[in-house]
1. To test your reading of the geometry: what angle, between 0 and 90 degrees and rounded to tens, separates the Cα axis of helix 372-385 from the longest principal axis of the chain?
2. Indicate the gyration tensor shape class of the range 113-183 (rounded, prolate or oblate), computed on the Cα atoms with a ≥ b ≥ c the square roots of the eigenvalues: a/c under 1.5 is rounded; otherwise a/b larger than b/c is prolate and the rest oblate.
3. Put one equal scatterer on each alpha carbon of the range 96-230, apply the Debye formula with no solvent term, and list log10 I(q)/I(0) at q = 0.09, 0.13, 0.20, 0.22 1/Å to two decimals.
4. At 0.36 nm per residue, and after removing the present C-alpha to C-alpha distance, how many nm does the segment from Thr15 to Arg167 gain when stretched out fully?
5. Find the centroid of the Cα atoms in the range 200-242 and in the range 310-345, then give the distance between the two in whole Å.
6. Can you give the angle from 0 to 90° between the axis of helix 125-140 and the longest principal axis of the chain, with both taken from C-alpha atoms, to the nearest 10?
7. Semi-axes of the equivalent ellipsoid of the range 1-81: what are they in whole Å, largest first, if each equals the square root of 5 times a C-alpha gyration tensor eigenvalue?
8. Taking the inverse of the average 1/r across all pairs of different Cα atoms in the range 155-215, what Kirkwood radius in Å do you get?
Amino acid sequence: MQHYSFVSLLQHALTGHRFWGPAWRKAEPRQHYEVVIIGGGGHGLATAYYLAKEHGIRNVAVLEKGPIGLGNTGRNTTIIRSNYLWDESARIYEHSLRLWERLSIELNFNVMLSQRGVLNLAHSQADIREGQRRVNANRLNGIDAEWLDAEGVRDFCPILNISPQARYPVLGATLQRRGGVARHDAVAWGYARAADARGVDIIENCEVTAIRTAAGVVTGVETTRGPITAEKVAISAAGHNSVVAAMAGVRLPLQSHPLQALVSEPVKPVLDCVVMSGAVHVYVSQSDKGELVMGAGIDAYNSYAQRGSFHVIESQMAALLELFPIFSRLRMLRSWAGIVDVAPDASPIIGKLPVGGLYLNGGWGTGGFKATPGAGWVFAHTIAYDTPHHLAAPFSLERFTSGALIDEHAAAAVSH
Ligand SMILES: Cc1cc2nc3c(=O)[nH]c(=O)nc-3n(C[C@H](O)[C@H](O)[C@H](O)COP(=O)(O)OP(=O)(O)OC[C@H]3O[C@@H](n4cnc5c(N)ncnc54)[C@H](O)[C@@H]3O)c2cc1C
């Protein structure tokens with residue numbers, strides 16, 4: 001791992017950074033690896049890092065069809081929280097949040113975690129009941145959670161419109177003070193650098209086109225840069241997990257949808273927390289650059305095109321202005337979309353697939369950025385021992401046949 005002293009920082013600054021070495025090698029594919037990970041997003045890179053660091057498995061390749069981190073990792077609205085309803089979810093998201101809290105030190109790379117507090121607004125009696133139930137459930141799981149009434153919401157976020165005249169008046173909110181945002185690119189870069197330093201090959205512009213199996217066991221992959229054999233193949237290809245799993249004959253209960261976000265022109269600091277509303281459907285925070293970062297709901301149709309429909313953005317803007325009339329004269333700068341893969345119970349699928357040596361970490365839908373460290377951690381363990389980590393076990397594919405679903409539609413109701 002590289003450490004930068006004051007002298008070397010000065011040297012780099014004075015030489016225009018010309019001698020600043022690359023953060024990770026441009027690795028060439030080798031013929032064989034112990035583990036091949038398909039997908040160089042935050043999850044795939046975190047998995048590689050923890051395989052090397054926690055389990056001593058360094059003969060690992062991360063295969064990414066484009067440059068790393070330009071999938072959902074670089075397209076999300078960066079909201080981090082752990083206040084999910086069910087025990088199984090609360091445990092894995094809280095495990096992740098705790099890893100976030102020391103990630104910059106762990107990776108020696110500033111991921112700019114900002115624990116500024118996340119509000120989930122309630123606009124109806126049903127919202128209040130759901131929110132209060134979740135606060136109580138969270139506390140029983142040792143997660144910081146508070147219930148605020150409308151006045152409490154205004155005190156926490158003074159620019160929010162809590163007028164009873166609003167179409168969906170704000171009646172209260174859940175608050176997780178340890179929730180917040182982080183810099184998404186830095187998460188991919190930090191894990192990439194740290195994994196590379198431990199010998200992992202990060203191979204960009206290398207698309208997996210087929211998964212090879214023999215007698216029900218995985219033997220390797222075909223790629224646009226040639227065939228690679230492997231003892232274990234791990235899929236972490238958000239948005240395209242069902243396409244990749246189908247290469248091994250596995251059908252997943254996932255649907256892929258576009259999910260859009262946009263940013264405003266930069267303005268002076270005005271919003272110092274994260275606000276989410278499922279009823280009017282918008283979630284917003286302010287970036288360090290000053291832009292308001294806003295997310296919408298998923299487009300209803302299935303698609304693999306990384307673009308969405310205009311009407312979704314239009315209603316997202318209407319929702320924003322209803323909650324924050326102060327933003328009515330802001331100009332929007334740019335919008336984009338990612339493809340998220342959503343499971344029927346709005347929970348991820350982590351574990352072994354019905355082909356020997358083949359594993360999946362996917363189905364995180366609209367909310368997997370916050371899970372990046374935790375998912376990488378439990379997935380690495382699952383691959384290393386060929387047995388699900390205890391935090392991952394409830395999220396196996398088998399739950400769709402056993403019926404042990406983990407319905408997080410309420411906690412994930414607003415995409416995030
Ligand atoms: C607009 C938007 C807003 C969001 N907001 C939030 C939020 O605020 N908070 C939150 O927690 N989550 C949020 N999410 C969800 C979150 O971004 C994802 O759940 C998470 O980033 C998934 O991480 P990943 O590493 O698995 O995926 P990705 O970063 O998408 O990585 C998967 C990689 O697999 C690669 N790949 C696919 N097929 C192949 C192949 N055949 N061969 C090789 N490589 C392949 C892709 O190119 C991609 O880079 C949001 C998502 C979007 C789109």
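Bear in mind these aren't lab numbers, they're just calculated from the coordinates by the rules spelled out. Everything numeric here is computed off the predicted structure, so don't read it as measured data. Positions of Cβ are backbone-derived with ideal geometry, glycine not excepted, and every protein chain shown enters the neighbour counts.
1. The angle comes out near 30 degrees.
2. Oblate, because a/c is 1.5 or more while a/b does not exceed b/c.
3. Rounded to two decimals, the profile gives -0.52, -0.78, -1.11, -1.23.
4. That pair, Thr15 and Arg167, stretches by 49.0 nm at full extension.
5. Using only Cα atoms to place each centre, the spacing works out to 35 Å.
6. Tilt of helix 125-140: around 50 degrees.
7. For the range 1-81, the ellipsoid semi-axes come out as 27, 19, 14 Å.
8. Values: mean 1/r = 0.0571 Å⁻¹.
The answer is 17.5 Å.
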